[in-house]
Amino acid sequence: MDTNLKQSPDIWSGKPLVSLMNHIVTTHHAFCRQEVARVGSLFKGVIARHGKDHPELKRMEALFSTIARDLLMHLIREEQTLFPYITRVEEAVRQNTAVSWPPFGTVENPIRMMVLEHDQTGEELKEIGRLSNDYTPPTEDYADLYDALRAFDRDMREHIHAEDDLLFPRAVAMEEEACARRKPAVG
Ligand SMILES: [Fe+2]
Ligand SMILES: [Fe+2]
């Protein structure tokens, strides 16, 4: 996890967007995929031992399952559609060539959807934070799960910051720059 990202947002300002997207995929997306499975199994163990007396654990698990399900699809949309398009736009600007219109019209449309999904995930994580008393384990038996949830929350904040605040505004500006070189839409 790159903890410098939030403290030093300018480290990406002069670098190609493709480098930032590679960083996002290899650190944050990889971390999400790894932790979704691990946290799921940690929940199962803690619920088996304490779920009967602590119904809030099941509520937290349900919230985390929703986050996991939505997030895995979200990552695929970024990796298979949005990021490759931003890569093509950046390449076109760099080589001063044309880029075809994407099926989604303009990059602002998928970005709007991604930001909404980030906000939704952020709200669900906030609720998990509230239910877990800000990830404070009531006994040592909860510690692995709560540590994993805290780390997941922290990584997600950095991940969302990297996209919402660093990548997306530059992608919109770059698409505007590429617009003058657009090929007419086909079909
Ligand atoms: Fe992402
Ligand atoms: Fe995202």
**Q.** Positive dipole terminus of region 17-82, leading residue within LEU20, GLN80, VAL39 (C-beta point charges)
**A.** VAL39
Q) Using the Karplus equation 6.51 cos²θ - 1.76 cosθ + 1.60 (θ = phi - 60°), what ³J(HN,Hα) coupling, rounded to whole Hz, does each residue of region 48-65 give in order, writing x for Gly and Pro? A) 4, 8, 10, x, 5, 8, 9, x, 5, 5, 5, 5, 5, 5, 5, 4, 5, 5
Q: Would you mind telling me which residue in ASP144, ASP119, ASP53 has the biggest mean-square fluctuation in a Gaussian network model of the chain, where springs connect alpha carbons within a distance under 10 angstrom?
A: ASP53
Q) Treating the beta-carbon of each Lys and Arg as +1 and of each Asp and Glu as -1, no other charges, what is the dipole magnitude of the chain about its Cα centre, to the nearest 20 debye? A) 520 debye
Q | Sorted by Cβ neighbour density within 10 Å, fewest at the top, the residues TRP12, TRP101 | A | TRP101, TRP12
Q) Hey, got a sec? Which chymotrypsin sites (Phe, Trp or Tyr not before Pro) in region 54-124 land in a DSSP loop and have at most 16 other Cβ atoms within 10 Å? A) PHE104
Q. Which order do peptides 151-158, 66-73 fall in by mean Cβ count within 10 Å, highest first?
A. 151-158, 66-73
Q. Rounded to the nearest 500, what is the chain's calculated 222 nm mean residue ellipticity when only DSSP H runs of at least 4 contribute -39500 (n - 2.57) each, over all residues?
A. -21500 deg cm²/dmol
Q.
Under 22 Å between alpha carbons: how many lysine pairs meet that in the chain, if sequence neighbours fewer than 8 apart on the same chain are excluded?
A. 6
Q.
Quick check: pseudo-label points 7 Å beyond the Cα along Cα→Cβ at ARG94 and ASP141, how many nm apart are they?
A. 5.5 nm
Q: Determine, for SER65, SER41, the number of other Cβ atoms within 10 Å of each Cβ, and report the residues in order from fewest to most.
A: SER41, SER65
Q.
Can you compute 3J(HN,Hα) from phi for each residue in region 94-108, using the Karplus curve 6.51 cos²θ - 1.76 cosθ + 1.60 with θ = phi - 60°, rounded to whole Hz and x for Gly and Pro?
A. 5, 9, 6, 10, 7, 10, 6, 4, x, x, 8, x, 9, 4, 5
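No lab work stands behind these numbers, since they all come straight from the coordinates. Computed from a predicted structure; not experimentally measured. As a convention, Cβ positions derive from the backbone with ideal geometry for all residues, glycine included, and neighbour counts pool all protein chains shown.
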